Amino acid sequence: MRDKVLIVEDQFIEANDLRLMLEKAGYQVTGIARSVQKAIELIEQEKPSLVLLDIYLKGKLTGIDLAKRLREENIAFVYLSANSNQDVLAEAKATQPYGFLVKPFREKDVLVALEIARYRHEHSLESGFRREAALQKQLAGLVTSAGNWQHTIMKIGVAIQPYISFDLMRGELKEADHTRYSSGFLRIGFNEYQRIDFPEFRVMTGLSMQAYEVLQRSGHTDSIAAFYAGKAFTELCSRDPLKKLVAGYFGMASYLSLPLHLAGGGIFYLSFYSRSADTYTHEHLALFNRLQQALAETIDAALAIKKTPEGAETLKEDPLPPDGNSTRISGFEGIVGTSHRLLNVFDSIAQVAPLDTSVLILGESGTGKERVADCLHRLSPRKMKPFIKVNCAALPASLIESELFGHEKGAFTGATDRRIGKFEQASGGTILLDEIGEMPIELQVKWLRVLQEKEIERIGGSAPIKVDVRVIAATNRDLEKEVAEGRFRLDLYYRLNVFPIQLPPLRERKEDIPTLANHFVSYFSRKTGKKITGISAKVLQELQAYRWPGNVRELEHLMERSVLLAKGDTIRDIVLPDQKETNHATDAPRVKTILENERDHILEVLKKCEGKIWGAGGAAELLNVPPTTLQSKMKKLGIKKEHTL
Ligand SMILES: Nc1ncnc2c1ncn2[C@@H]1O[C@H](COP(=O)(O)OP(=O)(O)OP(=O)(O)O)[C@@H](O)[C@H]1O
């Protein structure tokens, strides 16, 4: 059956061109809508499987408004746009489109974008189902696994973490006679949890037994699944002093409550806390609906053990087996830290590493982007194949193309031999395009085609060559800003941004500073043969107060210097750059180069003239240069006509 496509576009000529293009390629175009209202009517009547969607339409509502509805109805959509305003872009991105096409369109790009959208849509549904089926199986497996009930609850937590991210999980059963059984698990590493039952919690918080019981009695319990964030979380804490204590003590910012009605009667309260405010959504409640039976069966079985006479004896004191609280997986070696921001990065790596999906690693300089790329490769099925790194900033623009795609003998002056490019060298493996934000704009179009069509052409070559390479890109630039300012192609940005991993700056995960500092001290002590065993409390305090504009790399260099200068076995002094200066340096906007200024100025004038170069009122006249000079400048600065509309 032919795929049904709806075109939502208010420009008749463009819409009609698209219709002809799609029909020629075998799609069934179910209609052209010029407004959101008309689009909704056509969607109800025709049930298209794909929608091509312009952002600005006739009427008040925009394509972004329609996109939200398409998401809910699970219909794949691709934006059509010439707009690169940063705010609009951020809004469009939040609707999670399946692709983005920049006007004017090339036929092949449109068709490839539709193919990819269809593939991604089917794949996301399918992989969602597959992942959930795997989780259900894992939960069923826990029913028969031996161990005490707390151990089973923790195993449920470990299994559920990739679906419901948490920093603290609690399980609690209230019996008819008011006896309570509860257990808590604090996440302290990627797959490491510390069991915190109420005796430990009382010791940590200094609560007396009596005070604890008072707090517990005045608590709030949900009878149906619910989540709380922001104001709702603050209100929940003000109604429930025990939750307030937990939130304050462990720095939690949101809460998800999943009450499970057990077959044996009673309710088991499974609840999750997260240190991020935006962790829990309606999707978690929907997931819970699908999983509650499997969860209830697992917990029922675990509690049945508790109810046997032998089980009851060991209920509160039973320690977790040694492998229970520490199931480290290898692969994250070299990335030190256990802050929840870093653990979220580990979760993303674990989720995406085994797939072939492109990954975009974002983060300030020195945050560990290259290390993350290493992990992605090491944890993928491609680990035995090459991992090739290309630094786009370190290559002169004139060489990047031949460096990446290779050239044939005699392709240009100086090409004395055939050269295999980095992309082909990475065949079967992974390529890291570091500093992708620095890639010249002319090359970005070629790069987009490589990503879409999975084939390259050597310079001077006569036919394209198919390549199987997984692409990881990294940048410390704000790519959305680069797009808004015309330095990065919007369609390439969307193609790369399939799975972004954002690395936090060090100043946002200060709790990792002592571990990192100690890690570097022991590394450099070993390397230099000095016997340094620690860092003084004063130095640790200073390290935590500093803003770290250079992130982990700066900390690494500082610790190396400190080890070299240290007298005795402890680091007691450090010399940090003047805080005011460094704050200033981080907050100051990047100074633009002369070429960037020239480019911005020409772009601004061209936009004013709606792209017109020649004749009266054209950009050449306004800039007071001959049109041919302007054209060659535009070429040199990578300004295309479509950037100016
Ligand atoms: N979590 C970490 N644990 C241990 N070392 C780290 C960690 N993160 C970064 N490093 C170290 O900090 C230095 C910088 O890391 P890396 O080169 O991966 O950063 P980057 O984000 O790619 O930087 P740039 O944007 O400048 O290329 C490296 O020497 C790396 O070993």
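Given H placed on each backbone N at 1.01 Å, which residues far from Ala253 in sequence or on other chains put an amide H within less than 5 Å of it?
Residues meeting the criterion, in which the H sits 1.01 Å from N, are Ser274, Arg275, Ser276.
With θ taken as phi - 60° and the coefficients 6.51, -1.76 and 1.60, list the Karplus ³J(HN,Hα) couplings across region 606-612 in order, rounded to whole Hz; mark glycine and proline as x.
Going residue by residue, I get 4, 5, 4, 8, 6, x, 6 Hz, with x marking Gly and Pro.
Please give the contour-minus-distance gain from Glu442 to Gln351: 0.36 nm per residue of separation, less the Cα-Cα distance, rounded to one decimal in nm.
Answer, rounded to one decimal: 29.4 nm.
Which value in nm describes the separation of the simple spin-label points at Asn191 and Ala277, placed 7 Å from the Cα toward the beta carbon?
3.4
Any chance you could give the angle, 0 to 90 degrees and rounded to 10, that helix 282-307 forms with the longest Cα principal axis of the chain?
That works out to roughly 30 degrees.
Mind pulling the angle between the C-alpha long axis of helix 627-636 and the longest principal axis of the chain? Nearest 10 degrees, somewhere in 0 to 90.
30
Run the reach check for Lys538 against lysines, Cα to Cα strictly under 27 Å, same-chain hits fewer than 8 apart removed. What comes back?
Straight-line reach from Lys538, under 27 Å: Lys510, Lys527, Lys530, Lys567, Lys580.
State the Kirkwood hydrodynamic radius of region 411-461 in Å, one decimal place, computed from all pairs of distinct Cα atoms.
12.6
Mean separation of Cα pairs under 8 Å and 6+ residues apart, divided by the residue count of region 145-313: what relative contact order is that in percent?
Relative contact order comes out at 25 percent.
What trypsin sites (Lys or Arg not before Pro) in region 326-422 are in a loop by DSSP, with at most 16 other Cβ atoms within 10 Å of the Cβ?
Arg328, Lys383, Lys409, Arg418
Would you mind checking which residues have amide H under 5 Å from Arg477's amide H? H placed 1.01 Å from N; only 5 or more apart, or other chain.
Counting only residues 5 or more places away or on other chains, the set is Gly437.
Indicate, rounded to the nearest 5 percent, the antiparallel portion of the DSSP beta bridges found entirely in the chain.
50
Which value in nm describes the separation of the simple spin-label points at Lys68 and Thr528, placed 7 Å from the Cα toward the beta carbon?
In this crude spin-label approximation the distance works out to 5.7 nm.
Between Met204 and Gln541, what length comes free when the chain is fully extended (0.36 nm per residue of separation minus the Cα-Cα distance, one decimal in nm)?
This chain segment gains 119.1 nm when fully extended.
Regarding region 334-395, what is the average projected area of its C-alpha convex hull, in nm²?
Quarter of the Cα hull surface area: 4.9 nm².
Mean shadow of region 4-120, computed from the convex hull of its alpha carbons, in nm²?
About 6.4 nm², averaged over all directions.
Determine the dipole magnitude for region 506-577: charges of +1 sit on the beta-carbon of Lys and Arg, -1 on that of Asp and Glu, nothing else is charged, the reference point is the Cα centre, and the result goes in debye to the nearest 20.
That gives region 506-577 a dipole magnitude of about 200 debye.
Pop the C-beta distance of Leu637 and Arg418 into the FRET formula with R0 = 30 Å and round what comes out to the nearest 0.05.
The calculated FRET efficiency here is 0.40.
Can you give the convex hull volume per residue for the Cα atoms of the chain, as a whole number of Å³?
Considering the Cα atoms of the chain, their hull volume per residue is 221 Å³.
Tell me, what is the FRET efficiency for Lys58 and His601 to the nearest 0.05, using R0 = 30 angstrom and their Cβ-Cβ distance as r?
0.30
So what's region 145-313 giving for Cα Rg divided by 2.2 N^0.38 Å, two decimals?
Working it through for region 145-313, the quotient is 0.99.
Report Rg (one decimal) and Dmax (nearest whole number) for region 340-502, counting Cα atoms only, units Å.
According to the Cα coordinates of region 340-502, Rg and Dmax are 15.8, 54 Å.
On a C-alpha basis, how far is the centre of region 498-529 from the centre of region 57-105 in Å? Whole number, if you could?
39
If one takes the longest principal axis of the Cα atoms in the chain, at what angle in degrees, from 0 to 90 and to the nearest 10, does the Cα axis of helix 340-352 lie?
That helix lies at roughly 60 degrees to the long axis.
At 0.36 nm per residue, and after removing the present C-alpha to C-alpha distance, how many nm does the segment from Glu610 to Glu408 gain when stretched out fully?
Gain in length upon complete extension: 68.6 nm.
Just so you know, all these numbers are worked out from the coordinates, no wet-lab data involved. Predicted model, so just to flag it, every value in this text is computed and none were measured. Using ideal geometry, Cβ is built from the backbone for each residue, glycine included, and neighbour counts are taken over all protein chains shown.
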